[in-house]
Structure formats: C-alpha cells, structure tokens
Amino acid sequence: NAGVMQNPRHLVRRRGQEARLRCSPMKGHSHVYWYRQLPEEGLKFMVYLQKENIIDESGMPKERFSAEFPKEGPSILRIQQVVRGDSAAYFCASSPLGRNSGANVLTFGAGSRLTVL
Amino acid sequence: AQSVTQLGSHVSVSEGALVLLRCNYSSSVPPYLFWYVQYPNQGLQLLLKYTTGATLVKGINGFEAEFKKSETSFHLTKPSAHMSDAAEYFCAVPPHQGAQKLVFGQGTRLTINP
C-alpha cells in the first residue's frame, strides 16, 4: 500500500529553466496539497487540488507557478523560469474525501528538493 | 483565520529527560489540532491529532498532547526523551472550520543530548 510518491527527490536547475515536480497521492485519496519549505522555515501552503479542479490556490505565487491534477496521472507542480529563491523542499500531501472536513489527516510524501544554480 | 504559534524554535533536552514542545492556537472556537514530526530529509509524519472528545491525546513513539481550552494550548510532551526523537516538530490547524488544508507553525527543532 504505497504512500504519497513524489519525484524527483532531488532536482537541480539553472536560473531560467523549468522545474516539474510530480506527486501521486495515496491510493483512495482524492485531494492533493502542495507545500513549500524554505531553509530554516516552516511549511507554507501553496495549493489544494482535486482531480481536474483547483480548489484553493491562495498560497501560490502569482507568476511562474502553476499546478494541475489531471484525470489520469499524477499532480504536477510547475515552476517556470526558476530563480535562486525558488530553491526549497516541495512537499505533496494527500487526503481522502472525508465526512468531517478539517479532521482529515494529511499524508505527506518525502518531498522534492529543488536547487537552483 | 485560525493559526498556531510554536514557542521556541529550538529545544534541547538530555536523553531521558522530559520533552515539552509548546503550541498555542488562535481561535476561540475549539479547532482540530495536529502534531507532525519531520526527521532529517524526510516528509512529515503524523504524531497525533485532536478532534473531539478526550482532551489528552496519545500518539506514536510515546508522545502525547493535551488540549486545554482555557489556555488555548496543545503542548506536546514525552516523559523520557530518546536519541531517536531528534527531529523537527510542527503543530498544525485548519485555517477555518471545514477547511481541508492545514496551516503549520514555524516548527520546533528538538535536539537530544547524550
């Protein structure tokens, strides 16, 4: 029973390149969340998606960042024209569609660590 | 919006000593509350959660937390620290009732001294 799978675990990009981070939720989970963890900082919410639908993107930077969760395949966080400040660990989490909203446990992946040179 | 504040970004205790990591929440309405642990270079793992009912919640690895409405606190404790407890600990809360996402505190890095 695989958990939340993220890949790549480590990604190195030069400034101006694109980064694509993938996340496959736990089996049976229909909600995906992306968080960013900057060095020496806590986790900051970025976006929350269900299949083919962005529910809450209040934490996404206005430019260069996008996320999708297609009907088939993993969720993808895309960062265009990366800059050094994008260097961080990006965590994906998933949860089931629960009856008690707010009490659902988020299950996290191991993260994708992006380094921008 | 509800939020949590973790007092102390670094806590250091001796092996075998009591661990106390502090978390206070902002809402006057009892929220759902979570503690997660992050080991180096890993994702977050759920330690325990409070939803309703018993205010003393037991989690994995001998940790427990007590929900105290009068103090708006949800401090994490463990009677006797083990070297393997060295990690970063995060308190979290849904930002409003019914929210699916969580907002996290700044985290507390726990160091265990031999």
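Kindly check whether there is at least one residue in the stretch B:42-50 that is basic (Lys, Arg), farther than 25 Å from A:GLY109 by Cβ and not in a loop (DSSP other than H, G, I, E, B). Looking through the stretch B:42-50, none of the residues is basic (Lys, Arg), farther than 25 Å from A:GLY109 by Cβ and not in a loop (DSSP other than H, G, I, E, B).
Results for (1) over 24 Å from B:ALA1 (Cα atoms); (2) in contact with a Phe, Trp or Tyr (Cβ under 7 Å, 6 or more places away or on another chain); (3) surrounded by fewer than 15 Cβ atoms within 10 Å (Cβ to Cβ); (4) without any contact (Cβ under 8 Å) to a residue 40 or more places away in the chain, shown as yes or no for each residue.
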position: A:ARG9; (1), (2), (3), (4): yes, no, yes, no
position: A:VAL12; (1), (2), (3), (4): yes, no, yes, no
position: A:LYS27; (1), (2), (3), (4): yes, no, yes, yes
position: A:GLU41; (1), (2), (3), (4): no, no, yes, yes
position: A:TYR48; (1), (2), (3), (4): no, yes, no, yes
position: A:ILE54; (1), (2), (3), (4): no, no, yes, yes
position: A:PRO70; (1), (2), (3), (4): yes, no, yes, yes
position: A:PRO74; (1), (2), (3), (4): yes, no, no, no
position: A:GLN81; (1), (2), (3), (4): yes, no, yes, no
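If you go through the stretch B:5-30 and pick out every residue that is among the β-branched types (Val, Ile, Thr) and under 18 Å from B:ALA87 (Cβ atoms), you end up with 3. Each residue in the stretch B:77-108 was checked for being closer than 18 Å to B:ASN61 by Cα, out of contact with any Gly (no Cβ under 8 Å at 6 or more places or on another chain) and in a strand (DSSP E or B), and 2 of them qualify.
Mind checking which residues of the stretch B:61-76 are in a strand (DSSP E or B) and surrounded by fewer than 15 Cβ atoms within 10 Å (Cβ to Cβ)?
Keep residues of the stretch B:61-76 that are in a strand (DSSP E or B), which gives B:64-68, B:73-76.
Listed by number, the list holds a single entry, B:LYS68.
Restricting A:MET46, A:MET60 to those that are among the hydrophobic types (A, V, I, L, M, F, W, C), within 22 Å of B:GLY105 (Cβ to Cβ) and either part of a loop (DSSP other than H, G, I, E, B) or touching a helix residue (DSSP H, G or I) at 6+ places or on another chain (Cβ under 6 Å) (or both) reduces the list to A:MET60. Listed by first and then second residue, the pairs with beta-carbon distance under 7 Å, at least 6 apart or on different chains, first residue in the stretch B:34-51 and facing chain A (nearest Cβ under 8 Å), second aromatic (Phe, Trp, Tyr) and in a loop (DSSP other than H, G, I, E, B), are B:LYS49/B:TYR32; B:THR51/B:TYR32. The set of residues in the stretch A:34-58 being in contact with an Asp or Glu (Cβ under 7 Å, 6 or more places away or on another chain) and hydroxyl-bearing (Ser, Thr, Tyr) consists of A:TYR48 alone. Total residues in the stretch A:19-31 satisfying the condition of being within 14 Å of chain B (Cβ to nearest Cβ) and either farther than 11 Å from B:GLN100 by Cβ or at pLDDT 95 or above (or both): the figure is 6.
Which residues, counting only those in the stretch B:21-41, are part of a strand (DSSP E or B) and within 15 Å of B:PHE67 (Cβ to Cβ)? Full working, then the answer.
At the first step, the residues of the stretch B:21-41 found to be part of a strand (DSSP E or B) are B:21, B:24-25, B:33-38.
Hits for the stretch B:21-41 are B:LEU21, B:ASN24, B:TYR25, B:LEU33, B:PHE34, B:TRP35.
In the stretch B:13-33, the qualifying residues are those that are touching a residue at least 40 places away in the same chain (Cβ under 8 Å) and in contact with a helix residue (DSSP H, G or I) (Cβ under 7 Å, 6 or more places away or on another chain), and the one that is surrounded by the fewest Cβ atoms within 10 Å (Cβ to Cβ) is B:GLU15.
The values are calculated or read from the model by the stated rules, or taken from the named source; none is laboratory data. Source: prediction; values computed, not measured. Using ideal geometry, Cβ is built from the backbone for each residue, glycine included, and neighbour counts are taken over all protein chains shown.
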